[in-house]
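Peer 1: Before anything else, here's the structure in question.
No value in this document is a laboratory result; all are computed from the given coordinates. All values derive from a computational prediction rather than experimental measurement. As a convention, Cβ positions derive from the backbone with ideal geometry for all residues, glycine included, and neighbour counts pool all protein chains shown.
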Amino acid sequence: MKWREAGLIVPAASVDIVSLLLWECGTNGSIIHDDKTRDGLVSLTVHIPDEGADTVIARMKACLDALWADNPAWQAYTFVQGRAEEDTWLYAWQQYFCAEKISERFWVVPVWEKTDPPDAAEVLRIEPGVTFGSGFHDTTRMCVRYLEKFVRPGQIVYDIGTGTGILAVTAAKCGAAAVRAVDFDPAAVKQAAVNAKLNGVDEILDISRSDLLNDLGDAVPRADLIVGNLVTDLILRLLPELPSYLKENGIFIGSGIIDERIDEVRQVVRKRGFTQIAEDLENGWYTVVLRKT
């Protein structure tokens, strides 16, 4: 399959909303490269199926131009594009993924990696496919650590925006009896199912397509814990809906919040009847842990 690759360089303050915008324009999501430049810029990469790519790219540029018009203080963005065969760009990304310890308990190991972790380690074996969520990003690592801490055997867990399914798999390995994983992207739903099977937890995971919680309906059981590794705007959209899906004293782990917008999230948390019980910051990314009260 042929793909169009587009690269963006944007101010760090814009990366959250730009990621959401790219998703809404029809991409498979964006890869955010962790390191900021000296000028406070961040690079992102998106991959778009070649068929229909011109329309998607035109939409992206129009939306970016409109966003920058509303934020004249931002440094101008840089946009470049090219073509890539699927196996070429996937192989290129494989060079950056190797077995790594991401918490006290877990190692994440890509399927092509032959490294054996220490005997005491528990392995999350991941095939990213064309949906990214490898476990190497700061937000994923923080979520894994909090899942280790808060998931109890027999609990019901929801993973919102599951991507590769790594957090849903983690919850299952931490003892959850049932994990409902959802994503708006059909490719992510498919890939999460692949990874659930790779890790032997496919009978525990229920994976489906949903726009956040909106397509689940009212018949689903309430969760003991909900995790969402998203972006700030999606976290803000999700917060008002959480009480209807969480049990009393249920836990929400929310990640993907950039440091420039954490106060905005804190204000909404206070208004929605949650108690914040933990918070973590790594390389400009926040994770918050809330309890329903």
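Peer 1: Quick check on the exposure proxy: order 139, 293 from fewest to most C-beta atoms within 10 angstrom. Don't skip to the end; give the middle numbers.
Peer 2: Details: 139 22, 293 11.
The most exposed by this proxy come first: 293, 139.
Peer 1: Another question, then. Given R₀ = 22 Å, FRET efficiency for residue 237-residue 215 by Cβ-Cβ distance, to 0.05?
Peer 2: Between residue 237 and residue 215 the formula returns 0.95.
Peer 1: Most mobile of 31, 166, 226 per a Gaussian network model of the chain (Cα springs, under 10 Å)?
Peer 2: Between 31, 166, 226, it is 31 that shows the largest mean-square fluctuation.
Peer 1: OK, next. Are there trypsin sites (Lys or Arg not before Pro) in region 237-293 that DSSP marks as loop and that have at most 10 other Cβ atoms within 10 Å, and which are they?
Peer 2: Numbers: sites: 237, 247, 261, 266, 270, 271, 272, 291, 292; in loops: 272.
The qualifying sites: there are none.
Peer 1: Fewest first, what order do 14, 43 take by the number of other Cβ atoms within 10 Å?
Peer 2: 43, 14
Peer 1: How would region 101-255 be classified by its alpha-carbon gyration tensor: rounded, prolate or oblate, with rounded meaning a/c under 1.5 and the a/b versus b/c comparison settling the rest?
Peer 2: The shape class here is prolate.
Peer 1: What value, in deg cm²/dmol to 500, does the helix sum -39500 (n - 2.57) over DSSP H runs of n ≥ 4 give at 222 nm once divided by the residues of the chain? Each step should come with its number before you reach the end.
Peer 2: Values: 8 runs with 88 residues, N = 293.
Helices in the chain give a 222 nm mean residue ellipticity of -9000 deg cm²/dmol.
Peer 1: Can I ask one more? So for the chain: antiparallel DSSP bridges make up what percent, rounded to the nearest 5?
Peer 2: The antiparallel proportion sits near 60 percent.
Peer 1: Next question. For the chain, just say rounded, prolate or oblate: build the C-alpha gyration tensor, square-root its eigenvalues into a ≥ b ≥ c, call rounded for a/c under 1.5, and beyond that prolate if a/b exceeds b/c, oblate if not. Can you show the working numbers first?
Peer 2: On the way: a/c = 1.59, a/b = 1.21, b/c = 1.32.
Here the chain falls in the oblate category.
Peer 1: If I build a Gaussian network model for the chain, linking alpha-carbon pairs within less than 10 angstrom, which residue out of 55, 162, 232 has the largest mean-square fluctuation?
Peer 2: With Cα springs under 10 Å in the chain, the top fluctuation among 55, 162, 232 is at 55.
Peer 1: Please give the FRET efficiency for residue 248 paired with residue 58, using the beta carbon to beta carbon distance and R0 = 45 Å, rounded to the nearest 0.05.
Peer 2: According to the calculation, E is roughly 0.40.
Peer 1: Exposed loop sites here are chymotrypsin sites (Phe, Trp or Tyr not before Pro) in DSSP loop states with at most 16 other C-beta atoms within 10 Å. What is the longest stretch of the chain lacking them? Walk me through the numbers on the way to the answer.
Peer 2: On the way: sites that count: 74, 96, 112.
No qualifying site falls inside 113-293, the longest such stretch.
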